[in-house]
Structure formats: C-alpha cells, structure tokens
Amino acid sequence: MKYDSLPHLTLPKIGFGTWKIGGGSHADPKTDPVSLTALHTAIETGYTHFDTAEMYANGHSEELLGRAVRESQVKREAFFITSKVTPSHLRFDDVLKACEASLRRLQMDYIDLYLIHWPTAGMKLEDTFRALNELVRDGKVKHLGVSNFDLKQLKESQECSETPIITNQVPYSLADRSYVNNGMLEYCQKNDIFLTAYSPIEEGNLKKRAALESIAKARNATIYQIALAWVISQPRVITIPMSANPQHIRENFEAADIELTDNDCQILERIS
Ligand SMILES: NC(=O)c1ccc[n+]([C@@H]2O[C@H](COP(=O)([O-])OP(=O)(O)OC[C@H]3O[C@@H](n4cnc5c(N)ncnc54)[C@H](OP(=O)(O)O)[C@@H]3O)[C@@H](O)[C@H]2O)c1
C-alpha cells in the first residue's frame, strides 16, 4: 500500500467505500452475508480506511462495518473510520444527535473523520460547525471534512472549523475530472487537504478505451487497477473504491503497488 500525508496525518492511498454495503437507500438485511464477507475480506486484505455514512442503507452500513471491525479482533486504533452527516441534519442539535446515532450503530467511541455529506442551499455553516467543533473537543470525532463542496463552501468551512479541514470528498475518475477543471484539486494540494476521490472506477461502468487496455495489458493488470493507479498517482489524492466481490477487493488494494510512468499518465489523461 502507498500512503499520503498531511502535516499531522498519514492515510493509505486506497481505502474501502461502503455505499450498497447493507442495502441502498434502505437497509436490506438479505444482503448481510455478502456485505459481511466483503468487509471481512477487506480487513483481511489490509484495508484500514473505511468510508461510510448515516445515509448508507439508512444506517445499516455503519452497523455492519462496526460489526466487521469487532469480529476482526483487530484493535480499533488500527482503523480509520469516516462517516458523514446527512444534509437534512445540519442544524446544531441535529448534528450532535446524528453523530451519537452513528457512534451507536458503529458501536465505537469515536469516528476518525466526520464529513458534511452534501451542501444544501440553506445551510448555515457557522451553526453546523459549532456542533462539529464541539464533537472534536469532546473526542467523539478526531478530524473534520466536507464532501461535494465547491471552493467557496470549502473556504467558508475552513473559516468556521477550529481544526483543519482534512478532506473534500468528491467524484474523481478518468471520466470525471470536473474537480480538477474547477481548481479544487490544486487548492487541496496547496492547502494540505486530501481530495478523496469517490466513484473512482465510474461506479463499475469503466469504459473500455484502447489506451487504458493497452497500459493494463503491459502491466498485467486490469483496466480497473490502472484507473485506480492513475487516480492515486496524484499528490494529495486518496480514494475509496467499493466492491462486494472478494477478487475485486484484493485487486483494488493491489492497484496501489502499480507504478505508472509520466508517459502512461499523459496517455490516460488524453482519454475521456
Ligand atoms: N460523498 C459522496 O457523496 C459519495 C458519493 C458516491 C460514493 N461515495 C463513496 O465512494 C465509494 C466508491 O464510489 P462508488 O461505490 O460510487 O463507485 P466505484 O467505487 O467507482 O464503483 C463501485 C462499483 O465498481 C465495481 N468494481 C469495484 N472494483 C472492481 C474491479 N476491480 N473490477 C470490476 N468492477 C469493480 C463494483 O462491483 P463489484 O461489487 O461487482 O466489484 C461496484 O459496482 C462509495 O462506496 C462511497 O463510500 C461517496
């Protein structure tokens, strides 16, 4: 695994996403065996950063993640757990309640990284951050971040936060480079903020492009691994691919070991 560092925090380049672990918008307990196998495989493979949210499977994703962590017998401190507060819970009291509920579902004493999942038109960031700052002071959350924020919203968050904003989690893949084009990646790189790339393999619908396939063939890798290797080749970019398939889970982890050349990256950046 490769790592990337901010002044006071080092994280693995590749973590594990949990959207659809435990269900979609609603809990779907029928899928628990597949979800738990995926989580256990991820832990055994060596993933330590897990990304979840109160919204995922209506909280059931957090329940399953907490259960898999406990069952693994790996100590809690070895994991880095990200969760997110839903946009409808951004008022002061609601943030505190949402975090308590996430901790209860995870059966953990703290969340390593707590994100605002999505900005809303009427959000009052000062009010939201009053609660988020309190959660950090109380030790219930270690780090704060945001997701799907534009530059103006990110800068406003930095002003409201008592601790550094350590990430903006946004879509980023070969097919979606909007957060490079809008200046977000450059801002993150210059300001010690991770850009956490979500949907890095285009939600599994990675388009087959000749250039991608030829680089994959030359490396004896899959096109998904090359797409991930490209995402993480950039400084301050970490990512969190999701998979319920044990073979994919291992392949995604191993993608961190692929060294792309500058020439490979230039070829990949010319495709869309
Ligand atoms: N903050 C936000 O608003 C936000 C939004 C979206 C996602 N996220 C986070 O980011 C994570 C990742 O994004 P995502 O789940 O949208 O998309 P993704 O990771 O780009 O793609 C997931 C899909 O790719 C397939 N896949 C994974 N590895 C593969 C491989 N090696 N070969 C072939 N297929 C593979 C998976 O199917 P199999 O199960 O069959 O492998 C799954 O259907 C989410 O789980 C979530 O934690 C955050």
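The values are calculated or read from the model by the stated rules, or taken from the named source; none is laboratory data. All of these numbers come straight from a predicted model, not from anything done at the bench. Glycine also receives a Cβ, built like all others from the backbone with ideal geometry; neighbour counts cover every protein chain displayed.
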Subset of region 35-44 [surrounded by fewer than 16 Cβ atoms within 10 Å (Cβ to Cβ) and touching a residue at least 40 places away in the same chain (Cβ under 8 Å)]:
THR37
Assess whether PHE80 counts as being in contact (Cβ under 8 Å) with a residue 12 or more places away in the chain and either of a type in the set (S, T, N, Q) or away from the ligand (no atom under 12 Å from the Cβ) (or both).
yes
Exclusive hit being surrounded by fewer than 19 Cβ atoms within 10 Å (Cβ to Cβ), under 16 Å from LEU11 (Cβ atoms) and in contact (Cβ under 8 Å) with a residue 40 or more places away in the chain, set PRO235, PRO241, PRO246
PRO235
Residues satisfying the stated conditions in region 249-268, i.e. farther than 16 Å from ALA42 by Cβ, in contact (Cβ under 8 Å) with a residue 40 or more places away in the chain and of a type outside the set (Val, Ile, Thr)
ASP257, LEU260, ASP264, LEU268
Looking at region 223-241, is at least one residue more than 13 Å from the ligand (Cβ to nearest atom), farther than 29 Å from ILE81 by Cα and either in a helix (DSSP H, G or I) or touching a helix residue (DSSP H, G or I) at 6+ places or on another chain (Cβ under 9 Å) (or both)?
no
Restricting the search to region 102-139, which residues are of a type in the set (Gly, Ala, Ser) and either modelled with pLDDT under 95 or on the phi > 0 side of the Ramachandran plot (or both)?
ALA121, GLY122, GLY139
Exactly one of (1) loosely packed, with under 15 Cβ neighbours inside 10 Å; (2) basic (Lys, Arg); (3) more than 16 Å from the ligand (Cβ to nearest atom) is unmet by LYS207. Its number?
(3)
Can you name the residue in region 1-28 that is among the β-branched types (Val, Ile, Thr) and within 11 Å of the ligand (Cβ to nearest atom) and is also farthest from PHE253 (Cα to Cα) among such residues?
ILE21
Quick one: GLU54 ticks every box in (1) surrounded by fewer than 19 Cβ atoms within 10 Å (Cβ to Cβ); (2) under 16 Å from GLN107 (Cα atoms) except a single one, so which number is it?
(1)
Tally, over region 247-265, of residues that are more than 11 Å from the ligand (Cβ to nearest atom) and under 23 Å from TYR179 (Cβ atoms):
6
All positions within region 9-34 that are assigned to a loop (DSSP other than H, G, I, E, B), more than 18 Å from the chain's Cα centre (by Cα) and touching a residue at least 60 places away in the same chain (Cβ under 8 Å)
none
Give just the number: which of (1) in a helix (DSSP H, G or I); (2) modelled with pLDDT of 95 or more; (3) within 8 Å of the ligand (Cβ to nearest atom) does ALA244 not satisfy?
(1)
